[in-house]
Amino acid sequence: LPAAVLLKDTKLMDVKLGQLGSWLAMRDFTPGGIMGAIQRGYNRYYNKYINVRKGGLGGISMVLAGYVVLSYVWSYSHV
């Protein structure tokens, strides 16, 4: 991790375990910040798996698999 890169700008995968607390303290946990993070994640997923030049079934099948798992968990909460 170069010294020129600020801790705020580093990705979670690049943060050392000792820096995790201060990295989390710099995150924006307001409702606007959380919605921005959700929107960035959706845009990243959409551009990687759905909005591609030569598409396949990968992105849509992951959404369907997630729906199946969630509906199973909701239906069988005793498991």
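The values are calculated or read from the model by the stated rules, or taken from the named source; none is laboratory data. Being a predicted model, the structure only gives us computed values, none of them experimental. Don't worry about glycine lacking a Cβ; one is built from the backbone with ideal geometry, like all the others, and counts go over all protein chains shown. Ligands, DNA and RNA are excluded from the accessible area calculation, which covers all protein heavy atoms including side chains. Shrake-Rupley method; radii C 1.70, N 1.55, O 1.52, S 1.80 Å.
Summary of values
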{"quantity": "Residue count, the range 24-76 (criterion: open to solvent by less than 100 Å² (accessible area, probe 1.4 Å) and assigned to a loop (DSSP other than H, G, I, E, B))", "calculated": "8"}
{"quantity": "Given (1) in contact with a Phe, Trp or Tyr (Cβ under 6 Å, 6 or more places away or on another chain); (2) touching a residue at least 12 places away in the same chain (Cβ under 8 Å), number of the condition V15 does not satisfy", "calculated": "(2)"}
{"quantity": "Positions within the range 1-23 being among the aliphatic types (A, V, I, L, M), closer than 30 Å to M62 by Cβ and surrounded by 10 or more Cβ atoms within 10 Å (Cβ to Cβ), in sequence order", "calculated": "V15, L20"}
